[in-house]
Amino acid sequence: MSRIASAAVSEPEDLHEWISFDDPDEHRTWVFDATFLRSNYTCIYGCGCKGILDRPAPELALGCCSYGAHFIDREDADAVAARVDRLTPAVMQHHATARKKGVVRDGEPDDEGNPTLVTRLVDDACIFLNRQGFEGGAGCALHIAALHAGERPLDWKPLVCWQVPLRLEHSSDESGHVTSRLREWKRRDWGEGGADFGWWCTEEPDAFVGTEPLYRSARDDIIEMVGRANYEQLVQLLERPGWVPLPHPVLRRASTSGTATSRSTRRKGAERKRSKKH
């Protein structure tokens, strides 16, 4: 009996709390990863991000851009290609290559054998990635150009680039009712290649260093994905009085093992997120 009782109270390693509610205007139920959205995760590109190669390589400052961006569909690719006309050599390090060869290439077929489209690679990274030392600024040329134009980077970039580390997925039951889940992007979402990453940001405490919760810092992104009304409903539920949210598993493990994160890196990562995000 004691062994059974002990097993019953043991905590799963990847324990999250979720919030769900029905959409008032659609046959849809929204499900949100409250644990991740309430966490202080933030992109730390340029502030210690170790990239997604098979070994941690913060010195390369490649972020998630090592293998190029995989477009959702042709519309996604065309939308990005249309922005290229607004890019200049001042904000895009590989502008000449983009003009000469284009920015889109054929990728490997997906799991069902369908063709895919990916951004072109230059020197083993996305053609839009400006390297460290580039006068126009390191990071995504699309992101930088959007900020210069006073526009939202998410309107310029491939869908996957501005959505990660958030992932929106949909499923439907036999009656056609849709369930939409907004959760953190995990290694498995990258397919077989994800297992080879030497580091993945949602699994390490290094990236949980923001100055505000993710649902606030990623407000525009979440609204774009789920709609303003659903976002506002989500915020009310996340901020309801008396609720003590469950800490993210990464932070619970770090606390248990005594892992500490540099306070200076924490602050710099949060402050530079929007200007340096790849």
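What to note about this one:
- Scanning region 241-263 for residues that are assigned to a helix (DSSP H, G or I) and open to solvent by less than 70 Å² (accessible area, probe 1.4 Å), we see that the one that is modelled with the lowest pLDDT is Ala254.
- Which numbered condition Val80 fails, given (1) open to solvent by less than 40 Å² (accessible area, probe 1.4 Å); (2) under 20 Å from Gly46 (Cβ atoms); (3) among the aliphatic types (A, V, I, L, M): (2)
- Any hit, region 77-88, residues being at pLDDT 95 or above, at negative phi and not aliphatic (A, V, I, L, M): yes
- Flag for Glu192 being part of a helix (DSSP H, G or I) and free of Cβ contacts under 8 Å to residues at least 40 places away in the same chain: yes
- Checking Asp196 against (1) at positive phi; (2) at pLDDT below 95, the condition it does not meet: (1)
- Among residues of region 229-240, those that are farther than 18 Å from His170 by Cα and part of a helix (DSSP H, G or I), counted: 7
- Every test in (1) in a loop (DSSP other than H, G, I, E, B); (2) open to solvent by 50 Å² or more (accessible area, probe 1.4 Å); (3) hydrophobic (A, V, I, L, M, F, W, C) is passed by Val209 save one, and that test is (2).
- Positions within region 70-104 being assigned to a loop (DSSP other than H, G, I, E, B) and within 17 Å of Ala138 (Cβ to Cβ), in sequence order: Leu87, Thr88, Pro89, Ala90, Val91, Met92, Gln93, His94
- Subset of region 114-148 (residues that are open to solvent by 50 Å² or more (accessible area, probe 1.4 Å) and part of a loop (DSSP other than H, G, I, E, B)): Asn114, Pro115, Arg120, Asp123, Asp124, Gln132, Gly133, Glu135
- Residues of region 58-69 that are in a loop (DSSP other than H, G, I, E, B), on the phi < 0 side of the Ramachandran plot and either touching a Ser or Thr at 6+ places or on another chain (Cβ under 7 Å) or open to solvent by 10 Å² or more (accessible area, probe 1.4 Å) (or both): Leu62, Cys64, Cys65, Tyr67, Ala69.
- Test: Glu174 is on the phi < 0 side of the Ramachandran plot and out of contact with any strand residue (DSSP E or B) (no Cβ under 9 Å at 6 or more places or on another chain): yes
- Residue match in region 39-46 (condition: in a helix (DSSP H, G or I), within 19 Å of the chain's Cα centre (by Cα), at pLDDT 95 or above and not acidic (Asp, Glu)): no
The values are calculated or read from the model by the stated rules, or taken from the named source; none is laboratory data. Just so it is clear, the structure is predicted and the values come from calculations on it, not from any experiment. Quick reminder, even Gly has a Cβ in these numbers, built from the backbone with ideal geometry, and neighbours come from all protein chains shown. For accessibility, only protein heavy atoms count, side chains too; no ligands or nucleic acids. Shrake-Rupley method; radii C 1.70, N 1.55, O 1.52, S 1.80 Å.
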